[in-house]
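**Student:** What follows is a single structure, and I will ask about it in a moment.
What follows is calculated from the coordinates using simple rules that are stated; it is not laboratory data. Note that the structure is predicted; figures quoted are calculated from it, not measured. With ideal geometry, Cβ positions are generated from the backbone for all residues, glycine too; neighbour counts draw on all protein chains shown.
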Amino acid sequence: MHAVVKAAAETRHLLSGNEAVARAVWEAGVKLATAYPGTPSTEILENIAFYPDLRAQWSVNEKVSLEVAIGASVVGARAFCAMKHVGMNVASDALMSQTLAGVGGGLVIAIADDVGLSSSQNEQDSRFWGRFGHLPILEPADSQEAYEMTKRAFEISEEFCTPVILRMTTRICHVKTLVTVGERVERPATGFVSDPGQWVLVPTTAKKRLPWQLDREGRMTAFSEMTDLNVEEDGSDDRVGFITSGPAYMHVRESFPDAPVFKLGFSHPLPKERLRAFAAKVGKVVVVEETEPLMEMELLAAGIHVHGKDILPRLHELTPNVLVPAVKGLLGEKVEAEPPQAAAVFPRPPTMCVGCPHLPVYYCLSRLHRQTLISGDIGCYTLGAGHPWNALDTTTCMGASITMAQGMALAKGEADEKKSVVAVIGDSTFLHMGVNGLLDLTYNKGNVTLMLLDNSATGMTGGQDHAGSGRDIHGDEAPRVDFAKLCEAVGIKKERIRVVNAYELPTLYKTIKEETAIDEPSVILTGQPCVLIDSFHKSPPLKVIDEACTGCANCLNVGCPAIHVTRRETEVRKNGKEVEKAWVTIETAACTGCDFCPQTCGPNAIVPVGDVATVM
């Protein structure tokens, strides 16, 4: 069992923000915790799963996750839900209704914003949901605060009968600091209180709840004016004072240790009168917030003169190297020239793992790309857009590969008339949002070939289990979706569902050509496990027989990181054409023995280690 679970009360541990939230959820007496994995929030539920006395479970998407947590809250239990920022776009349908209904037991939603786009397709500010839904926002600045504010969030949720958003960011989620922890306090479910006027949100009910919602926001504003979650810190240099929240507070403190700071832990609703009084004490006020100017706009609207995005950027983290020159310039101080930039290092773009079952798929698609439009999705396979495959034309959001492919197929113009359309999606993403897209595709008779890459894991976020893997969050056996039967159930003809071993290259290539040539929807299902999960087993590694290698470099087009170039040459042929040749070696310690690259090798120079057969 996880070491922190056994920790006695009032002990200190080095915890990430995600680990600290997990501990606090357990201590707060939560009965049910749900999530869909997504960086940077994934480890919250993974750590909650170590704790006893509560139920933790992965959901198929964030909307389902939040609705399950809402159900637990409605019957009087404390419930918790976690997701990354784009996940709330999916879950917002439930959120925007539940803010009117309120809660039974405390309901806390941790939303992890990927400030700086470390692993996301966009940069989003989840504080907007507080304004949009009239909900309180708590913003921790480090792991200790993440722990404390999570526990306080449940109290606030129950005091005001509202879901509470805990706004995390990548820096809080993943950076570790010392945290003093306590013990679990049991909170038995109080039971369901039947009240259709609260829980049944038909229009007549919702209309009656609107004044209650606005009254609640007024009470939360009064709370914001007096809570100790919002702290004013004095400073000896009052030329400029800072209003800030979350990890930006740490950057402000590091950059201007002598300046007065108003730190907002409860950042919505804003304590405008306290902030007005703070602003009157300093020469200039700078609002430091990541990423959008929400607090700045509200303060300006309230007649409080502040600076913010007029001197600071609206994107990425506001680290000291950003803050210091901007504020010095505001104060009229000389801003030193930026130090010389470090020499550029060799680029290391992200790539797929050694032996990944997605490699053969993109190897084939790259050779068919001139005849196809390829719609991608969110997952490890998004990397198919990169070198050496360059085999994705679009990637937008979870599940969009199928729906966008349908639109492309239905509306393509003369230039693309002869091109087939392929959608590529992974197993977890298909269950998350792709099933609906496939149902819409068959219903509307779209002509798309779907490549459903089943690697039995939510791969990009760390190999978590899901409804198609046959295991739950604890690794215990669970019902497993049969993807072929599911695709047939939503309208794909049985003969158009092709199950292929991704590593059998000739069969895979032939199947893609056959299905893309047919004028009806089809599914190609590849079913090999992710190389990083327990169910994957290596085969004997491969090696290159140097004297047999001709330098043709076909194996480099596989894109496997275990294949390394040892030398390159330019060969001039009799017709004057120059041909680049490359001789390679295989890092046998990394090789999984998938037997894919030998199928691309004309001279049969790639063989298993220990193979003594003569290569002709």
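**Student:** Taking the Cα centre of each part, how many Å lie between the stretch 516-573 and the stretch 196-248?
**Tutor:** A separation of 55 Å, based on Cα centres.
**Student:** What nm distance separates the two modelled labels at residue 176 and residue 579, each placed 7 Å from Cα along Cα→Cβ?
**Tutor:** Between residue 176 and residue 579, the label points sit 5.3 nm apart.
**Student:** To the nearest 10 degrees, how steeply does helix 203-226 sit against the main Cα axis of the chain, on a 0 to 90 scale?
**Tutor:** Between the helix axis and the principal axis of the chain, the angle is about 70 degrees.
**Student:** Now a separate question. Give me the compactness ratio for the stretch 71-137, meaning the Cα radius of gyration over 2.2 N^0.38 Å.
**Tutor:** Numbers: Rg = 12.7 Å, N = 67, 2.2 N^0.38 = 10.9 Å.
Cα-based Rg divided by the globular estimate yields 1.17.
**Student:** Can you figure out the FRET efficiency of residue 517 with residue 206, using R₀ = 45 Å and their beta-carbon distance, to the nearest 0.05?
**Tutor:** 0.30
**Student:** Here's something else I'd like to know. Give the share of C-alpha pairs in each 10 angstrom bin for the stretch 230-330, from 0 to the last occupied bin, in whole percents, shortest bins first.
**Tutor:** Spelled out bin by bin, the stretch 230-330 gives 17, 57, 26, 0 percent.
**Student:** When the Karplus curve 6.51 cos²θ - 1.76 cosθ + 1.60 is applied with θ = phi - 60°, which whole-Hz ³J(HN,Hα) does each residue of the stretch 471-478 get, with x for Gly and Pro?
**Tutor:** Along the stretch 471-478, the couplings run 9, 9, 5, 8, x, 7, 4, 9 Hz.
**Student:** Subtracting the Cα-Cα distance from 0.36 nm times the residue separation, let me have the gained length for residue 478 to residue 565 in nm, one decimal.
**Tutor:** Taking 0.36 nm per residue and subtracting the Cα distance, the gain is 26.9 nm.
**Student:** So, one more: Sorted by packing (mean other beta-carbon atoms within 10 Å per residue), highest first, where do 529-537, 353-361 land?
**Tutor:** Ranking the peptides 529-537, 353-361 by packing returns 353-361, 529-537.
**Student:** I would also like to ask the following. From the backbone phi of the stretch 436-443, what are the Karplus-calculated ³J(HN,Hα) couplings (6.51 cos²θ - 1.76 cosθ + 1.60, θ = phi - 60°) in whole Hz, Gly and Pro given as x?
**Tutor:** For the stretch 436-443, the Karplus curve yields 4, x, 5, 4, 5, 4, 6, 4 Hz.
**Student:** May I pose another question? Nearest 10 degrees is fine. How inclined is helix 400-411 to the longest principal axis of the chain, computing both from alpha carbons?
**Tutor:** 60 degrees
**Student:** Quick query: amide H of residue 552 versus all other amide H atoms, modeled in the peptide plane; which residues come in under 5 Å with a sequence gap of 5 or more or a different chain?
**Tutor:** Here the answer is 582, since their amide H atoms fall under 5 Å of that of residue 552.
**Student:** Taking amide hydrogens as modeled 1.01 Å from N in the peptide plane, which residues meet the under 5 Å criterion relative to residue 239, leaving out close sequence neighbours?
**Tutor:** Under 5 Å from the amide H of residue 239 lie the amide H atoms of 283, each far enough along the sequence or on another chain.
**Student:** For the pair residue 281 and residue 344, how long in nm is the line joining their label points, each one 7 Å along Cα→Cβ?
**Tutor:** 4.9 nm
**Student:** Show me the ranking of peptides 517-528, 163-174, 62-73 by mean Cβ neighbours inside 10 Å, starting with the highest.
**Tutor:** 163-174, 62-73, 517-528
**Student:** OK, next. Would you kindly calculate the mean projected area, averaged across all directions, of the convex hull enclosing the Cα atoms of the chain, in square nanometres?
**Tutor:** 34.7 nm²
**Student:** Then there is this: To the nearest 500 deg cm²/dmol, what mean residue ellipticity at 222 nm is calculated for the chain from DSSP H runs of n ≥ 4 alone, each contributing -39,500 (n - 2.57), summed and divided by the residues?
**Tutor:** So the helix-based figure for the chain works out to -9500 deg cm²/dmol.
**Student:** Given Cα pairs under 8 Å that are at least 6 residues apart, what percent is the relative contact order of the chain?
**Tutor:** 10 percent
**Student:** Order these peptides, 85-96, 177-188, 443-454, by their mean beta-carbon neighbour count within 10 angstrom, highest first. If you can, show how the numbers build up before the last one.
**Tutor:** Working: 85-96: 20.3, 177-188: 14.7, 443-454: 21.9.
Going from most to least packed, we get 443-454, 85-96, 177-188.
**Student:** Continuing with this model, one more query. Quick one: angle between helix 62-74 and the longest Cα principal axis of the chain, in degrees between 0 and 90, rounded to 10, please.
**Tutor:** Taking Cα atoms only, the helix is inclined about 40 degrees.
**Student:** Still on this structure, I have one more. So how far apart, in nm, are the two label points at residue 228 and residue 254 if each is 7 Å from Cα heading toward Cβ?
**Tutor:** Those two pseudo-labels are separated by 2.8 nm.
**Student:** Here is a follow-up. Compute the FRET efficiency between residue 485 and residue 215 as 1/(1 + (r/R0)^6), taking r as their Cβ-Cβ distance and R0 = 51 Å, and round to the nearest 0.05.
**Tutor:** Efficiency, from the Cβ-Cβ distance: 0.50.
**Student:** Also: Quote the FRET efficiency, to the nearest 0.05, computed for residue 439 versus residue 53 with a Förster distance R0 of 30 Å and r equal to the Cβ-Cβ distance.
**Tutor:** The computed FRET efficiency comes out at 0.15.
**Student:** Taking 8 Å as the Cα distance limit and 6 or more residues as the minimum spacing, I'd like the relative contact order of the stretch 230-330 as a percentage.
**Tutor:** Reported relative contact order: 30 percent.
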